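Worksheet for the structure shown next.
The values are calculated or read from the model by the stated rules, or taken from the named source; none is laboratory data. Computed from a prediction, not measured in an experiment: that's the story for all the values here. Don't worry about glycine lacking a Cβ; one is built from the backbone with ideal geometry, like all the others, and counts go over all protein chains shown.
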Amino acid sequence: MPKKPSRRSEEPATPTPDLPLDESTLEAATRPPGAGESHDGLLFGEATCGDLSGVDARDARFLGCVLSRVRADGLALAGARLIDVRITALAATEAPWRSSTWQEVVVEDCRVGAWDLSAAQWTRVAVRGGRFDFVNLREASLTDVTFTGCDLREVDVSGAGLTRVRFLDCRIGHLDVTSARLSGVDLSGADVEAVSGIGSLRGARISELQLLRLAPLLAEHLGLQVAD
């Protein structure tokens, strides 16, 4: 009789961007990225491109690139493609990156106010550390994604599809899962303060403590009357 798949089979795959061990050996970008342009093997860093605020890089393509220690208020990456990319210590009050496509991407220690990733497609992405006030992933598609050690004030995945997505050592102030489709989603390692769309948590893994916290919402959703 074949063995049942272990729970580990539901764990997200770890991204492994095809980048040199010493990323400083990448060619330093001498100008900001441009809309619709292709950028291969470039380092967008504070020395030459430290402020990308207001730059229009919609529909641009980044392959084997690193963005490190840059200011990016309003950097427009709507429709952009990011493949084998690392983003480190980026700071932005708003990041309009909707409908972008990410594959083999690592995001580390970033601080973003409003991160618009609505309708984005993420495959093998890791977000490690950092603070994000509002993460908009409405109607997005996330496969093999991990959030680790993040302060997430508000996360909206309403209408999104999440497959093998894990939150580990994260704080989530408010999570909206209304009409989301979850498979292999692990919330047990997160401190979740409030949830909207409780009925769409089907398919998620939660801790016993989270179950106790969510009990009133579950009762309301099911129309249960709880006796004193």
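Residues that are in contact with a Gly (Cβ under 8 Å, 6 or more places away or on another chain) and buried (at least 21 other Cβ atoms within 10 Å of the Cβ) within the range 150-161 comprise Cys150, Leu152, listed in sequence order. When Arg205, Arg128, Arg138 are checked against the criterion of being among the basic types (Lys, Arg) and at pLDDT below 95, a single residue qualifies: Arg205. Based on this model, can you work out whether Thr163 counts as of a type in the set (Ser, Thr, Tyr), farther than 22 Å from Arg86 by Cβ, free of Cβ contacts under 8 Å to residues at least 24 places away in the same chain and outside any strand (DSSP E or B)? So Thr163 does not fit the description; no. The set of residues from the range 47-90 being more than 20 Å from Pro17 (Cβ to Cβ) and not in a loop (DSSP other than H, G, I, E, B) comprises Ala47, Thr48, Asp51, Asp56, Arg71, Ala76.
In this structure, Leu43 does not satisfy being closer than 20 Å to Gly130 by Cα and assigned to a strand (DSSP E or B). If the condition is being hydroxyl-bearing (Ser, Thr, Tyr), assigned to a strand (DSSP E or B), out of contact with any His (no Cβ under 8 Å at 6 or more places or on another chain) and closer than 19 Å to Ser158 by Cα, then the range 181-213 contributes only Ser183. Taking every residue in the range 23-39 that is part of a loop (DSSP other than H, G, I, E, B) and pairing it with any residue that is of a type in the set (Lys, Arg) and surrounded by 14 or more Cβ atoms within 10 Å (Cβ to Cβ), at least 6 positions away or on another chain, the pairs with Cβ-Cβ distances below 9 Å are Ala35/Arg58; Gly36/Arg58; Gly36/Arg61; Glu37/Arg61. What do you reckon, is Asp144 in contact with a Lys or Arg (Cβ under 8 Å, 6 or more places away or on another chain), at negative phi, at pLDDT 95 or above and part of a strand (DSSP E or B)? It is false that Asp144 is in contact with a Lys or Arg (Cβ under 8 Å, 6 or more places away or on another chain), at negative phi, at pLDDT 95 or above and part of a strand (DSSP E or B). Considering only the range 1-19, I want to know if a residue exists there that is over 15 Å from the mean Cα position of the chain (by Cα), in a strand (DSSP E or B), of a type outside the set (A, V, I, L, M) and surrounded by 15 or more Cβ atoms within 10 Å (Cβ to Cβ). The answer is no; no qualifying residue exists. Taken over the range 127-170, the residue count meeting the criterion of being of a type in the set (Lys, Arg) and within 20 Å of Ala89 (Cβ to Cβ) is 3.
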